[in-house]
Amino acid sequence: MTKFVICINNESNPAGLIVGKVYQALPDKEAKAIKMFRIIDEDRSEQDGYLYPMSMLAPINVPEATKKALLKNSLQNALASTV
């Protein structure tokens, strides 16, 4: 199941996250155990994503059509950053 989060606080990393922007949370049981989300941030230099405290991001539910659009956009951005 694909999970999305929205940035609610970027004070400790304003270059990595944009407040109000939706990010895909990558599956990571170890991160969850220490109250972190693994996401691919604005830097996009790490394909496995970075860990951010759950206090910086809030989980959101999105309709299926929105989920598809977000995933398509994420894929396009990932491809563009490899060129």
- [ ] Filter segment 18-36 for residues that are buried (at least 17 other Cβ atoms within 10 Å of the Cβ), of a type in the set (Gly, Ala, Ser) and under 20 Å from THR66 (Cβ atoms) and give the result.
- [x] ALA25
- [ ] Return yes when THR66 is at pLDDT 85 or above, among the hydroxyl-bearing types (Ser, Thr, Tyr) and either surrounded by fewer than 13 Cβ atoms within 10 Å (Cβ to Cβ) or in contact with a Phe, Trp or Tyr (Cβ under 9 Å, 6 or more places away or on another chain) (or both) and no when it is not.
- [x] yes
Task: Residues of segment 45-63 satisfying the condition of being of a type outside the set (A, V, I, L, M) and crowded, with 16+ Cβ neighbours inside 10 Å - done: GLY49, TYR50, TYR52
- [ ] Could you tell me which of the residues MET56, MET1 is modelled with pLDDT of 90 or more and not hydroxyl-bearing (Ser, Thr, Tyr)?
- [x] MET56
Open item on the list: Give me the residue from segment 4-53 that is hydroxyl-bearing (Ser, Thr, Tyr) and closer than 21 Å to LYS72 by Cα and, out of that set, modelled with the lowest pLDDT.
Closed with: SER45
- [ ] Consider only pairs whose beta carbons are under 6 Å apart and that are at least six residues apart or on different chains; among these, list those whose first residue lies in segment 33-59 and is in contact (Cβ under 8 Å) with a residue 40 or more places away in the chain and over 15 Å from ASN13 (Cα atoms) and whose second residue is β-branched (Val, Ile, Thr) and surrounded by 18 or more Cβ atoms within 10 Å (Cβ to Cβ).
- [x] PRO59/VAL5
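The values are calculated or read from the model by the stated rules, or taken from the named source; none is laboratory data. Remember, predicted model here, so these are calculated numbers, not experimental data. Using ideal geometry, Cβ is built from the backbone for each residue, glycine included, and neighbour counts are taken over all protein chains shown.
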